[in-house]
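Encoded as structure tokens, the structure appears first; notes follow it.
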Amino acid sequence: MQGIDLDKIYEKIQRKAYVIIDAKGSTYYGIGICAATIAEALLNNTSQVFPVVNYVESRKCYLSWPAAIGSDGVEQSFDPHLNAEEEKKLQKAVLAIQEATSKYE
């Protein structure tokens, strides 16, 4: 993805909630719309793809990961293409999640 500043996008995403809160006073409407859209996919068995927390077998961890949602919940999980830097950051996050959750096993 030449010409795309991923660090700038990352920073913008991190600040997005604060921008919404400054403009509207809260973010719960956005959360409500997301929940309603996912519920609609469940009820209507649409197999739409959403970033939802699901168990990613290849990572042996629960992650917010692209998955098709239908009437049975997660129907299929998709592995996004990651470059070496993204893969390294993801692996660091996976290890942190596994470490944090291991005490509950």
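Built from the Cα atoms of the chain, the convex hull projects on average onto 8.9 nm², one quarter of its surface area. Dividing the summed -39500 (n - 2.57) terms of all DSSP H runs of n ≥ 4 by the residue count of the chain sets its mean residue ellipticity at 222 nm at -17500 deg cm²/dmol. Cross-link check: pairs LYS60/LYS88; LYS8/LYS103; LYS16/LYS88 evaluated at a Cα-Cα cut-off of 26 Å; pairs beyond the cut-off: LYS8/LYS103.
Find out how many positive minus negative residues lie around ILE69, taking Lys and Arg as positive, Asp and Glu as negative, among other residues whose Cβ is under 15 Å from that of ILE69. Can you show the working numbers first?
On the way: positive: none; negative: GLU40, ASP72, GLU75.
That works out to -3.
Taking the protein heavy atoms of the chain in the context of the full set of protein chains, the accessible area attributed to carbon and sulfur is 58 percent at 1.4 Å. ASP72 contributes about 140 Å² of solvent-accessible surface, heavy atoms of the protein only, 1.4 Å probe. Relative contact order for the chain: 16 percent, from Cα pairs under 8 Å spaced at least 6 residues apart, divided by residue count. Other residues within the sphere of radius under 15 Å centred on the Cβ of GLN48, judged by their own Cβ, net out at -3 (K and R +1, D and E -1).
Only protein heavy atoms count here; under a 1.4 Å probe, ILE31 has an accessible surface of about 110 Å².
The values are calculated or read from the model by the stated rules, or taken from the named source; none is laboratory data. This one's a predicted model, so the numbers in the text were calculated from it and none came from an experiment. Ideal geometry is used to build each Cβ from the backbone, glycine not excepted, and the neighbour counts take in all protein chains shown. To get the accessible areas, we keep the full protein, side chains included, count just its heavy atoms, and leave off ligands, DNA and RNA. Shrake-Rupley method; radii C 1.70, N 1.55, O 1.52, S 1.80 Å.
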